[in-house]
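Read-outs throughout are calculated quantities, based only on the coordinates presented, and are distinct from any laboratory measurement. Computed from a predicted structure; not experimentally measured. Cβ sites come from the backbone with ideal geometry, for glycine too, and all protein chains shown count toward neighbours.
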Amino acid sequence: MIEKKIGNTPLRRCEHLSNKFSTNIYIKDESCNPGKSSKDRAAYFMLEEAIKGNKIQPGGTIVEASSGNTGISIALMAKELGCRAKIFVSKSCSEEKRALLEAYGASIEICDNSFGLHVFNSTQYQAQAYAANHENAYFTNQYYNSANIKAHYKTTGPEIWEQTNHQVTHVIAGVGTGGTISGIGRYLKEQKKNIKILGVEPTNSVYQTFLEHGKVENTGVVHDAIEGIGRTFIPGTFDVQAVDAIYQIDAESSKRAAQDYRADTDQLIGFSSAAVLAAVEQNLSHMNFKHDDHVVLYFPDHGDRYLQKLYNNNQQETTKAFDIL
Ligand code: PMP
């Protein structure tokens, strides 16, 4: 059964970044989940609660609005449950993720989230409407499902605490629904109040304003510049008490961080993982790490989901090199 393989992902010390940032840097590698992203955790917890509440039956359809990863996790699990998966993704969802969704048997609809998630063409609106209008269809609704936070409170938080031998001082993670950072933050702050929980979002997203001013002023357009993170509204799965600060980063800096990281370590990291890395690089003096701190960077997925978006330049160079040969 798939649930036995979810979580307990490795936490690896990164020598290269530890030297670069003069502290102890660890990477929580969520690409080691069965669906190859952190979203297996939330998907599993949401589906488990739905099954307990008799909301899902074999032959039914599980519906979700997703930047891709939650959809992939749901598609994977729907098979085991004898259900179909209907996933509404934004037009900015990478080609690799769309192909994976289809390979896992999901039916996908491409929507437009450029004007927020509450307008007619958006993933959230369409998913909600689809579930309301079809029998035996259940909308997991990750933005308002407390099982999303619970997944990280029950699994990711405790894993980080144990894997660092209770020494963790900072966790830095991208914020999409907020489920990851809220669950991890809630758990770790219960263990030790002064552990710093730092979020990362794209420029123009609203979490930083909300955290600093208690209200959202920017309700304008957010392009899905960095897949998986950034919002135009505050969802039910963001717990402001669990987070100390939010840093903003642009897509170009994130892309550069991914390419630099590959040059330094030969590893391909996901877009939002690269955003976390870029945010640390740009805010190092503000984050003020001490030599004996233990800093966990949360990497939700792998670079192989973003070959075109993040690593394309070098692919073209490779093709050119072959052409010459
Ligand atoms: N990074 C990626 C690649 C994701 O798919 C997600 C989930 N949307 C996140 C970060 C953010 O996680 P959360 O929704 O729990 O805030």
ask   = In nm, what is the difference between 0.36 nm times the number of residues separating Ala132 and Arg256 and their Cα-Cα distance?
value = 40.4 nm
remark   = Taking the square root of 5λ for each eigenvalue of the C-alpha gyration tensor of segment 106-186, the equivalent ellipsoid has semi-axes, largest first and in whole angstrom, of 33, 15, 9
task = Please work out the Cα center distance from segment 142-180 to segment 94-132, rounded to the nearest Å.
result = 25
ask   = Counting only DSSP beta bridges with both residues in the chain, what percent are antiparallel, rounded to the nearest 5?
value = 10
ask   = For the chain, what is the charge dipole size about the Cα centre, in debye to the nearest 20, if Lys and Arg each add +1 at the Cβ and Asp and Glu each add -1 at the Cβ?
value = 640
task = Check each of the chymotrypsin sites (Phe, Trp or Tyr not before Pro) in segment 117-193 and keep only those in coil by DSSP with at most 16 other C-beta atoms within 10 angstrom; list them in order.
result = Phe120, Tyr144
request  = Pick out which of Asp304, Asp40, Asp292 has the largest mean-square fluctuation in a Gaussian network model of the chain, springs linking Cα atoms closer than 10 Å.
outcome  = Asp292
inquiry  = Helix-only mean residue ellipticity at 222 nm, the chain, DSSP H runs n ≥ 4 weighted -39,500 (n - 2.57), per residue, nearest 500. What is it?
reply    = -12500 deg cm²/dmol
note = At q = 0.24 Å⁻¹, the log10 of I(q)/I(0) for segment 39-139 from a Debye sum over equal Cα scatterers comes to -1.29
ask   = Can you give the extra length, in nm with one decimal, that the chain gains between Phe120 and Ser146 once fully stretched, where that is 0.36 nm per residue apart less the Cα-Cα distance?
value = 6.9 nm
query = How much length, in nm to one decimal, is gained on full extension between Glu102 and Lys4, taken as 0.36 nm per residue of separation minus their Cα-Cα distance?
reply = 32.9 nm
ask   = Can you sort His213, His294, His166 by how many other beta carbons sit within 10 Å, fewest first?
value = His213, His166, His294
Choice from Ser73, Ser182, Ser107 with maximal GNM fluctuation in the chain (Cα, 10 Å cutoff) = Ser107
query = How about segment 208-300: which chymotrypsin sites (Phe, Trp or Tyr not before Pro) there lie in a loop by DSSP and see at most 16 other Cβ atoms within 10 Å?
reply = Phe233
message = If amide hydrogens are placed 1.01 Å from N in the peptide plane, which non-local residues have theirs closer than 5 Å to the one on Lys196?
response = His170, Val171
note = Of the residues Leu307, His294, Trp161, the Cα lying farthest along the dipole of the chain towards its positive end, which is defined by charges on the beta carbon of Lys, Arg, Asp and Glu, belongs to Trp161
task = Report the normalised scattering of the chain as log10 I(q)/I(0) at q = 0.14 Å⁻¹, calculated by the Debye formula with identical scatterers on the alpha carbons.
result = -1.07
